[in-house]
Amino acid sequence: MYMPNKPAKYGIKLMCLTDSRTHYLHNAYIYAGQNTDGITLDPVERKFPKPTQAVLRLSKLIEGTNRNITADNWFSSIELVEHLKKRVLTYVGTLRKNKREIPPEFLPKKKSIVGTTTYGFTKDLTLMSHVTKPSKAIILISSMHHLKEFDEDVQKPEIISYYNRTKGGVDSLDEKCSVYCTGRRTRRWPLAIFYRLLDISSVNSFVLHNSFKNNPILSRSDFMKKLAFELVKPELERRYENSCILRDIRFSIGRVLGMRKNLKDTPLYEGKLKKQKTCRICPPKLKRKTTFQCYLCGDPICLQCCKTVCSKCMGC
């Protein structure tokens, strides 16, 4: 997709539902084009606008938990808030000023006094308009707040204060994934998605690690180093026990693993041939004599192919 307002203007769009405090990813899906937001919804729900379908699809995992969903003005609508209310979920978000449901008294005017707040209440919803600058106002809708409350700490209405505290879940997750990123430049979109899944998995695992009281307190960098080592440790142990790998490489692996195995009796090149033969990979006309053998397939190879792996195995 092309999104000119984003830092990365071109990319694959992921719709995410995250926790606002820990930034844990609960649910997500890949936007695959028009009419793909309502794939898992029933025919009645597919008639809603696309932003409403996205919220309903992501919130299926938390239905009936009485939790709150915070989103920006692209998702917010009156019908979305009413539909989430039936699913025992509350909603707080900003509203675009072109919505038909907004009364004229809530829209910004030239004569509006800066700092004034206008409230509108129904049985389940609260509509609020707060004037921040001359001729500018912020309009929010909430099914969680039902009183005219004011936050003295930030000198703003409680609805605005709550929205500012809980609106940055997805942005904070993107920031964490960009700080410690496993991604590499690639033109294959499945590989790009795989890199992003690795980044998100590291964030989620760090949140789960901190949620248990008996676990030691680690910084995120130390946790990721420990996590990476645990992931590559089985492969390092396998290569350390492989006698076909060069002794210097096995010494280095042993230092990483903390093993003190005696490798002095092992020859420097375990794959050295006792009798010279013709290289199987090179053209027969060259008649290149071999000194080593491939430790993967066992074929005799010369220095032109490689000392450890032949070109045939390298291609595989």
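Looking only at residues that are polar (S, T, N, Q) and out of contact with any Ser or Thr (no Cβ under 9 Å at 6 or more places or on another chain) in region 156-175, which one is nearest to K123 (Cα to Cα)?
Selected residue: S161.
Residue by residue, here is whether (1) in a helix (DSSP H, G or I); (2) in contact with a Ser or Thr (Cβ under 8 Å, 6 or more places away or on another chain); (3) of a type in the set (V, I, T) holds:
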residue: A32; (1), (2), (3): no, no, no
residue: N35; (1), (2), (3): no, no, no
residue: P43; (1), (2), (3): no, no, no
residue: Q53; (1), (2), (3): yes, no, no
residue: L58; (1), (2), (3): yes, no, no
residue: L61; (1), (2), (3): yes, no, no
residue: I69; (1), (2), (3): no, yes, yes
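Check whether at least one residue in region 120-128 is under 31 Å from the mean Cα position of the chain (by Cα), of a type in the set (A, V, I, L, M, F, W, C) and farther than 22 Å from R21 by Cα, and report yes or no.
Scanning region 120-128 turns up no residue that is under 31 Å from the mean Cα position of the chain (by Cα), of a type in the set (A, V, I, L, M, F, W, C) and farther than 22 Å from R21 by Cα.
Exactly one condition in (1) open to solvent by 60 Å² or more (accessible area, probe 1.4 Å); (2) within 30 Å of I200 (Cβ to Cβ); (3) part of a loop (DSSP other than H, G, I, E, B) is false for S178; which is it?
Result: S178 passes all but (3).
Checking F206 against (1) over 20 Å from T182 (Cα atoms); (2) of a type outside the set (S, T, Y); (3) touching a residue at least 12 places away in the same chain (Cβ under 8 Å), only one condition comes out false. Which one?
Result: F206 passes all but (1).
Scan region 108-128 residue by residue and report those that are open to solvent by 60 Å² or more (accessible area, probe 1.4 Å) and either aromatic (F, W, Y) or more than 23 Å from K167 (Cα to Cα) (or both).
K109, K110, K111, I113, V114, F121, T122, K123
For region 206-316, list the helices (runs of 4 or more DSSP H) that sit wholly inside it and hold at least 1 residues that are modelled with pLDDT of 80 or more and surrounded by 14 or more Cβ atoms within 10 Å (Cβ to Cβ); which are they?
Here the list reads 220-241, 247-257.
Select from region 30-65 the residues that are β-branched (V, I, T) and more than 18 Å from M1 (Cβ to Cβ) and write down the one among them that is surrounded by the fewest Cβ atoms within 10 Å (Cβ to Cβ).
Top of the filtered list is V44.
Taking D151, is it surrounded by fewer than 16 Cβ atoms within 10 Å (Cβ to Cβ), at pLDDT below 90 and under 21 Å from R21 (Cβ atoms)?
Considered against the rule, which asks whether it is surrounded by fewer than 16 Cβ atoms within 10 Å (Cβ to Cβ), at pLDDT below 90 and under 21 Å from R21 (Cβ atoms), D151 comes out as yes.
Of everything in region 129-155, what is within 33 Å of the chain's Cα centre (by Cα) and either at positive phi or touching a residue at least 40 places away in the same chain (Cβ under 8 Å) (or both)? Give them in sequence order.
I138, I139, L140, I141, S142, S143, M144, H145
Looking at region 77-111 only, could you name the residues that are farther than 14 Å from V55 by Cα and either assigned to a strand (DSSP E or B) or among the polar types (S, T, N, Q) (or both)?
Within region 77-111, T94, N98 qualify.
Is it true that E158 is open to solvent by 30 Å² or more (accessible area, probe 1.4 Å), without any contact (Cβ under 8 Å) to a residue 40 or more places away in the chain, in contact with a strand residue (DSSP E or B) (Cβ under 6 Å, 6 or more places away or on another chain) and charged (D, E, K, R)?
Yes; evaluated as a whole, the condition is true for this residue.
Scan region 83-98 residue by residue and report those that are surrounded by fewer than 14 Cβ atoms within 10 Å (Cβ to Cβ) and closer than 18 Å to F121 by Cβ.
none
For region 1-18, give me each residue that is in a loop (DSSP other than H, G, I, E, B) and open to solvent by 50 Å² or more (accessible area, probe 1.4 Å).
M1, P4, N5, K6, P7, A8, K9, I12
The values are calculated or read from the model by the stated rules, or taken from the named source; none is laboratory data. These figures come from a predicted structure and were not determined experimentally. Reconstructed Cβ throughout: ideal geometry from the backbone, glycine too, with neighbour counts over all protein chains shown. The protein model used for the area step is the full one, side chains on, heavy atoms only, and it has no ligands, DNA or RNA in it. Shrake-Rupley method; radii C 1.70, N 1.55, O 1.52, S 1.80 Å.
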